[in-house]
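Following: one structure in structure tokens, then a few remarks.
The values are calculated or read from the model by the stated rules, or taken from the named source; none is laboratory data. Predicted model, so just to flag it, every value in this text is computed and none were measured. With ideal geometry, Cβ positions are generated from the backbone for all residues, glycine too; neighbour counts draw on all protein chains shown. Protein only, heavy atoms only, side chains kept; ligands, DNA and RNA dropped before computing areas. Shrake-Rupley method; radii C 1.70, N 1.55, O 1.52, S 1.80 Å.
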Amino acid sequence: MRILVLVSGTGSNLQAVIDAVDAGELDIEIVAVGADRPDTQGVARSAAAGIPTFVVDFKAFAQRADWDAALLAEVRSFEPDLVVSSGFMRIVGPDFIAAFPQRYLNTHPALLPAFPGAHGVRDALAYGVKVTGCTVMYADAGIDTGPIIAQRAVTVLDDDTEASLHERIKVAEREVLIEVLAGLAR
Ligand code: GRF
């Protein structure tokens, strides 16, 4: 199974996938890693691992539709079976969703449908929930609204900060993501 991973940030979840592939635990090929901005750690990690990388810089395009088209063309050129958004902080356009029906995977650091959006961890903490977690789903045109594939609960501790809670959620997120990828590859 050829996967292409999109990142915007540190790519620590991506690193877990790279490590699982290297360890022979995951029978997939990461054909490329792409980002929506220059100088991400996610792209640097991938380049260090010998994976082809690309950047389609959102800020370099005057029109949103042009960025959408450039991203789609770049992703298509690698002919992936599955695209994985791993901390990719952009909603892709309708053409992208249509090009990868049930082939565009996303992860979210909350138990959807609770706390969608860019601040799932912060919002869960602010609400005062005692249990939150992570979700792996197929992306659709909405914000964190696609069909759910797998979830895992994470207990909120009394002294949690957004950072400490997000770190524990990411541990769960990595496990669930790798399990889902392994299942899809099988
Ligand atoms: C993950 O929690 C993901 O769900 C969220 O951003 C985080 C990505 O972290 N959207 P990293 O870039 O893999 O370290």
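Total residues in the range 126-160 satisfying the condition of being open to solvent by 30 Å² or more (accessible area, probe 1.4 Å), out of contact with any Phe, Trp or Tyr (no Cβ under 9 Å at 6 or more places or on another chain), away from the ligand (no atom under 14 Å from the Cβ) and in contact (Cβ under 8 Å) with a residue 12 or more places away in the chain: the figure is 6.
Considering the conditions (1) open to solvent by less than 20 Å² (accessible area, probe 1.4 Å); (2) in contact with a strand residue (DSSP E or B) (Cβ under 6 Å, 6 or more places away or on another chain); (3) within 12 Å of the ligand (Cβ to nearest atom); (4) not basic (Lys, Arg), Pro109 is excluded by exactly one of them, (1). Filtering Asp57, Asp81, Asp27, Asp68 for residues that are touching a residue at least 12 places away in the same chain (Cβ under 8 Å), open to solvent by 20 Å² or more (accessible area, probe 1.4 Å), away from the ligand (no atom under 13 Å from the Cβ) and in contact with a helix residue (DSSP H, G or I) (Cβ under 6 Å, 6 or more places away or on another chain) leaves a single hit, Asp27.
Exactly one residue out of Thr135, Thr145 is of a type outside the set (Gly, Ala, Ser), part of a loop (DSSP other than H, G, I, E, B) and farther than 24 Å from Pro38 by Cβ: that is Thr145. Among the residues of the range 1-23, what is the count of those that are among the small types (Gly, Ala, Ser), in a helix (DSSP H, G or I) and near the ligand (Cβ under 10 Å from one of its atoms)? Qualifying residue count, the range 1-23: 2.
Of all the criteria given as (1) at pLDDT below 95; (2) among the small types (Gly, Ala, Ser); (3) open to solvent by less than 60 Å² (accessible area, probe 1.4 Å), the one not satisfied by Ala118 is (3). Quick test for you: out of Asp95, Asp123, pick the one residue that is surrounded by fewer than 16 Cβ atoms within 10 Å (Cβ to Cβ), of a type in the set (D, E, K, R) and over 18 Å from the mean Cα position of the chain (by Cα). Of Asp95, Asp123, the one residue that is surrounded by fewer than 16 Cβ atoms within 10 Å (Cβ to Cβ), of a type in the set (D, E, K, R) and over 18 Å from the mean Cα position of the chain (by Cα) is Asp95.
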